[in-house]
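See below for the structure under consideration.
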Amino acid sequence: MPSLRLTGGIALVVASVAGCGAVTSPAAEGPLPSEPTMIDYVSPARVRGLDVRTVSRRDPGGPEMHAAYPAVADAPRLTEELRRTVTERLGLFDRSVRASRKGTAGQPPRGEFNVGWQFAAASGEVLGVRLRTGESAGGGWTESRTTLWYDRVDKRAMGSAALLRDRAALTELARLARRSLLARGAAVNPQAVTPDPKIFDSIAFNMHGDLVVEFDDSQVGPAFLGRVAVYVPAGTAGPMLSPTGLRAQRAAVEEAESRAAPPPVSALKEANDGRPDAVSSGGGVDCARTKCVALTYDDGPGAGTTGVLDALAAQGARATFFCVGSSAVARPDLLRRMTAEGHLVAGHTWSHRDLTTLSRNMITDQLVRGRDAVAQASGQVPTLVRPPYGKVGDQVTAVARELGMPVVRWSVDTGDLKDPTPADVAARAVAGAARGAIILMHDTGRSTAEATAEVLRRLRAEGYTFVTVPELYGSHGMRPGAVHDSAESGDRARALARQTML
Ligand code: NI
């Protein structure tokens with residue numbers, strides 16, 4: 001798998017910080033110097049023994065919550081620290097949203113919580129995982145950043161402040177950070193920066209080995225500033241670092257030296273020959289004559305994917321996997337297996353945000369980034385998209401139409417996230433199943449494999465054949481930008497439209 005360069009975040013550009021390098025005139029030719037607070041994230045495809053853990057929660061009346069974090073086989077202490085950090089944040093958010101709802105009965109549920117992750121560094125010596133936590137209690141969206149580190153040499157997981165040699169080094173870093181922030185105008189409050197490990201909880205290194213400190217939204221200034229970060233030149237930072245800090249710095253520089261460019265997505269095969277209404281015919285089942293249902297799996301690849309693929313293979317069934325782009329890049333092997341075994345790989349956006357809360361540009365970004373990530377991982381460009389939480393609005397369908405993507409929801413929710421008992425999941429699948437149904441499951445939990453086997457056994461006993469979503473629609477096809485809940489209701493809607501025209 002070629003290296004993907006994932007450069008993230010929007011940084012304030014500061015020209016006045018010492019060590020910024022040559023000043024480039026607007027007329028200068030060639031590339032501009034890189035913004036020093038940008039971190040070049042390591043492609044997860046380069047990390048061995050990687051799995052993605054996903055926590056999704058959607059209770060009626062509660063906020064939308066989705067969190068993902070990596071699990072690296074030889075770093076169980078890091079995984080545990082990530083799990084602890086994510087569940088703690090999620091719990092805090094859930095409680096604060098519920099508390100703010102008290103006494104406002106009858107209001108629609110609001111709020112969203114979303115955690116994404118990136119490797120700030122990955123070498124034989126260290127791993128750095130940056131968690132980006134975004135939340136909204138119904139008002140504005142704010143993000144916070146935490147980077148956890150794992151030292152493979154002494155097998156320890158730690159927070160960012162442990163990259164510093166001692167308390168004196170932390171005090172010195174706080175002084176340097178305040179000095180940088182002073183140059184940013186009146187909106188920023190340098191006095192908010194104290195030598196507190198909680199404030200310095202997101203430290204990493206850029207490609208030159210400069211130390212980068214990221215602050216949370218609202219931590220050193222008003223939220224509208226977004227990500228505020230400062231950097232300390234490599235030479236100045238060096239003497240302040242602990243042994244782990246030096247390993248982390250070395251990892252960032254070595255990664256930059258070994259980087260390679262990914263192939264353009266346009267070079268990949270179009271799964272549908274460019275015709276969005278004729279997506280992959282698969283096994284040639286005619287669902288006009290056969291009793292078909294489509295099993296669909298969301299939010300993966302994750303802890304349950306391998307088991308689900310085994311269960312489907314054991315019974316010769318095919319399914320559709322709606323993969324989250326940021327997880328797909330971590331497990332291209334699983335996406336390739338899906339494709340190789342006749343399943344359809346589809347998009348579930350880049351980071352699982354509620355699209356109905358986003359601007360048109362951000363919706364486009366979520367759909368395109370998610371699609372491209374799945375394409376890079378699987379080798380096929382997906383055309384179908386399922387919006388997170390099944391939530392669509394006019395803007396979402398308009399963007400999907402422009403991108404040539406049919407929108408897919410579901411007609412049967414097996415409730416496997418809330419209550420994963422295989423017998424119960426299967427009972428709900430059977431109760432809701434009908435010809436043309438789209439059944440929702442998730443390949444993020446380990447129990448989904450067992451549930452899948454049970455669902456297949458019971459639905460097969462009722463005479464159902466398992467197909468991918470486009471096969472379900474057969475010669476009717478699927479229309480870009482149209483919302484597809486099940487082939488049955490689609491037929492009814494079309495029939496209704498014809499009547500109205502007459
Ligand atoms: Ni989802």
Restricted to the stretch 296-316 and to residues being modelled with pLDDT of 95 or more and hydrophobic (A, V, I, L, M, F, W, C), the residue surrounded by the most Cβ atoms within 10 Å (Cβ to Cβ) is 308
Only unsatisfied item for residue 406, checking (1) within 16 Å of the ligand (Cβ to nearest atom); (2) closer than 18 Å to residue 468 by Cα; (3) not aromatic (Phe, Trp, Tyr), is (1)
Original post:
Quick check, is residue 404 more than 25 Å from the chain's Cα centre (by Cα), touching a residue at least 40 places away in the same chain (Cβ under 8 Å) and on the phi > 0 side of the Ramachandran plot?
Top reply: no
Within the stretch 421-431, identify whether any single residue is on the phi > 0 side of the Ramachandran plot, touching an Asp or Glu at 6+ places or on another chain (Cβ under 8 Å) and either in contact (Cβ under 8 Å) with a residue 12 or more places away in the chain or among the small types (Gly, Ala, Ser) (or both), and answer yes or no. no
Selection from the stretch 298-321 of residues away from the ligand (no atom under 16 Å from the Cβ) and of a type in the set (Asp, Glu) yields 310
For the stretch 349-374, pairs from a residue that is more than 21 Å from residue 335 (Cβ to Cβ) to a residue that is assigned to a loop (DSSP other than H, G, I, E, B) and of a type outside the set (Asp, Glu), with Cβ under 6 Å and 6 or more apart or across chains, are 354/391; 355/387; 356/391; 356/393
Only one of (1) crowded, with 17+ Cβ neighbours inside 10 Å; (2) in contact with a strand residue (DSSP E or B) (Cβ under 6 Å, 6 or more places away or on another chain) does not apply to residue 85, and that is (2)
Okay, strands (runs of 3 or more DSSP E) sitting entirely in the stretch 279-373 with 2 or more residues that are touching a Leu at 6+ places or on another chain (Cβ under 6 Å) and over 30 Å from residue 138 (Cα atoms), I get 292-298
When restricted to 381, 345, 385, the only residue within 16 Å of the ligand (Cβ to nearest atom), farther than 20 Å from residue 67 by Cα, in contact with a helix residue (DSSP H, G or I) (Cβ under 7 Å, 6 or more places away or on another chain) and not charged (D, E, K, R) is 345
Residues of the stretch 388-399 being within 16 Å of the ligand (Cβ to nearest atom) and more than 15 Å from residue 323 (Cα to Cα), in sequence order, are 391, 392, 396
Note on the stretch 134-156: residues in contact with a helix residue (DSSP H, G or I) (Cβ under 7 Å, 6 or more places away or on another chain), within 17 Å of residue 200 (Cβ to Cβ) and surrounded by fewer than 21 Cβ atoms within 10 Å (Cβ to Cβ) are none
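So that you can scan it fast, the table gives a plain yes or no per residue for (1) in contact with a helix residue (DSSP H, G or I) (Cβ under 6 Å, 6 or more places away or on another chain); (2) of a type in the set (Phe, Trp, Tyr); (3) surrounded by 14 or more Cβ atoms within 10 Å (Cβ to Cβ); (4) assigned to a strand (DSSP E or B):
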site: 191; (1), (2), (3), (4): no, no, no, no
site: 195; (1), (2), (3), (4): yes, no, yes, no
site: 212; (1), (2), (3), (4): no, no, yes, yes
site: 218; (1), (2), (3), (4): no, no, yes, no
site: 221; (1), (2), (3), (4): no, no, yes, no
site: 224; (1), (2), (3), (4): no, yes, no, no
site: 237; (1), (2), (3), (4): no, no, yes, no
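The values are calculated or read from the model by the stated rules, or taken from the named source; none is laboratory data. Nothing here was measured: the structure is a model prediction, and the numbers come from that model. No Cβ is skipped: glycine too gets one built from the backbone with ideal geometry, and neighbour counts run over all protein chains shown.
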